[in-house]
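K.L.:
Questions regarding the structure given below will be posed in turn.
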Amino acid sequence: MNRLLLFFSLNIIGLHFYGQGKNDLSIHYYIEAAKANSPLIADFRNQSEIEQAELERLKAMYTHSRLELNGDYLFVPVVSKDGGHAEFKWNARSATDYYGYDLGESSGSFHTVLTWTQPLILGKTSYKVAQGQAKVNTDIAHNRTRMEEHQLERSVTEQYLLCLLDKAQIDYTDSVSAVIERQTHIVRKLVENGFSKQSDLNLLAIEREANMELLTAFRQAYHTHLMDLHLLCGIADTTDVDLPELQLPIRWPVNDKSSLFTEQYRLDSLNISLSLRSFNLQYKPKLDLFINGGLQVGDFAGWYRHFGWSAGLTFSWTIFDGKQKRWKERQALWQQGSIRTYKENSEYQRNMRVKQCLSELHRYDQRERTLENQIAEYETILSDYGKELNIGQVSVLDYITVLRNKIQTERDRLLLRTNRQLVIAAYNYWNW
């Protein structure tokens, strides 16, 4: 008995979670899946981590000491003829009759030195500039991530709406099939009783086949658009699912909120300013402390007596560079001008697109009211025709003509509603 209750409970829980999984196939689910599976977003996030690692490297370079081990071993081989016979020597010291480098000018030597260097001035300043650049680069990567997520939201929403349009057309075509079947049943009885012609029944059969062809086409379109949605979101599932309906809200602007589209230009401008500041640091005085110690010998006979050490300061200061600094500043000025022009043009286009979307929404509302009036009139006519068709007072051809007109008007309304949703998606995209 306990096992039976446990089995029953597990099945109920399984059905509950299965139903939850089906209900989770909302627009939010697909948008989050697209963000999670986007390689571009993953790349932008990795760029932020790379920038942080680069900042730590620059901190070590500008502020920490450096320890290096250097060494070299110089060979000066000669062919000696001392003593009346030729002899090859790797590192001759006292040959008088020989072929090779002049031993008075060069001789073999061995150097190995361990050098410790510590920046004294300019290091912290350089690191602060690098820290500012790293922050801007991280902000740029974050802004690109937000832009890509924002673009994915629009793309997924548009594809989702295409699927819903196909679904609405499937549902409406099914309802039309039910109407045709009902009228076919009535006309068949009229034909059997001699109140209607066989050709009327044939017309309804042709209309039924045409409607079935449309139903097949809409189902195929739904499958294609759904697979495109899964491909866009990185979902490895080829089965058809029933998407829930969607009514997009209009996101009205917030006055104190800066635009996501102009933020990139602000960051680019700031990045150029920091790059120029980093470039100008090379014209500041630079002072480093160094200490080295090791072995330097030219005569290997007493090598153990030539261990030693030294210390000192290195100073550098660029006085004149052929006006490179001036040309670099002019480049930065021109780059800032280009960014400002792009920013103004981007803001102009964004404002125009927002206004265009609002204008289109107003026109769509007017058109939808007109179509709804037409559909209401067609429904009234079809209701009257249906009653008259039942008693054979109207021809099937007239009924089918009005039905086709209503079907086309209904499809126009479905398309208009989808287009209106697409305009809302575009408005929400540009108004961010």
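K.L.:
State which residue is farthest from residue 282 (Cα to Cα) when the search covers only the stretch 124-149 and only residues that are within 11 Å of the chain's Cα centre (by Cα) and of a type in the set (S, T, N, Q).
P.N.:
If we take residues in the stretch 124-149 being within 11 Å of the chain's Cα centre (by Cα) and of a type in the set (S, T, N, Q), then 145 is farthest from residue 282 (Cα to Cα).
K.L.:
Moving on to the next point. Quick check on residue 42: is it farther than 30 Å from residue 281 by Cα, without any contact (Cβ under 8 Å) to a residue 60 or more places away in the chain, in a helix (DSSP H, G or I) and of a type in the set (A, V, I, L, M, F, W, C)?
P.N.:
yes
K.L.:
With the structure loaded, tell me whether residue 174 is touching a His at 6+ places or on another chain (Cβ under 8 Å) and either among the aromatic types (Phe, Trp, Tyr) or modelled with pLDDT of 85 or more (or both) or whether it fails that test.
P.N.:
no
K.L.:
Still on this structure: Just one of 317, 327 is loosely packed, with under 15 Cβ neighbours inside 10 Å, among the aromatic types (Phe, Trp, Tyr) and either in contact with a Lys or Arg (Cβ under 9 Å, 6 or more places away or on another chain) or closer than 30 Å to residue 206 by Cα (or both); which is it?
P.N.:
None of the other options fit; the residue is 317.
K.L.:
Could you please tell me which pairs satisfy a Cβ distance under 7 Å, a separation of 6+ or placement on different chains, a first residue in the stretch 385-400 that is more than 13 Å from residue 203 (Cβ to Cβ), and a second residue that is among the basic types (Lys, Arg) and surrounded by fewer than 16 Cβ atoms within 10 Å (Cβ to Cβ)?
P.N.:
No pair meets every condition.
K.L.:
Inside the stretch 190-214, can you point out the residues that are modelled with pLDDT of 85 or more and farther than 19 Å from residue 170 by Cβ?
P.N.:
Within the stretch 190-214, 198, 199, 201, 202, 203, 204, 205, 206 qualify.
K.L.:
Inspect the stretch 139-159 for any residue being hydroxyl-bearing (Ser, Thr, Tyr) and loosely packed, with under 15 Cβ neighbours inside 10 Å and give the result as yes or no.
P.N.:
No; the residues of the stretch 139-159 include none that is hydroxyl-bearing (Ser, Thr, Tyr) and loosely packed, with under 15 Cβ neighbours inside 10 Å.
K.L.:
For the structure I just gave you, tell me whether residue 231 is loosely packed, with under 15 Cβ neighbours inside 10 Å, part of a helix (DSSP H, G or I) and at pLDDT 90 or above.
P.N.:
yes
K.L.:
Tell me, which residue of the stretch 288-314 that is charged (D, E, K, R) and out of contact with any strand residue (DSSP E or B) (no Cβ under 8 Å at 6 or more places or on another chain) is surrounded by the most Cβ atoms within 10 Å (Cβ to Cβ)?
P.N.:
299
K.L.:
Say we look at the stretch 37-81 and pick out the residues that are among the acidic types (Asp, Glu) and closer than 28 Å to residue 111 by Cβ; which of these is surrounded by the fewest Cβ atoms within 10 Å (Cβ to Cβ)?
P.N.:
Across the stretch 37-81, the extreme among qualifying residues is 72.
Conditions tested, residue by residue: (1) modelled with pLDDT of 90 or more; (2) of a type in the set (Gly, Ala, Ser); (3) assigned to a loop (DSSP other than H, G, I, E, B).
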| site | (1), (2), (3) |
| --- | --- |
| 95 | no, yes, yes |
| 105 | no, no, yes |
| 111 | no, no, no |
| 139 | yes, no, no |
| 145 | yes, no, no |
| 148 | yes, no, no |
| 157 | yes, no, no |
| 170 | yes, no, no |
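The values are calculated or read from the model by the stated rules, or taken from the named source; none is laboratory data. None of these values were measured; they are calculated from a predicted model. Cβ atoms come from the backbone with ideal geometry, glycine included; neighbour counts cover every protein chain shown.
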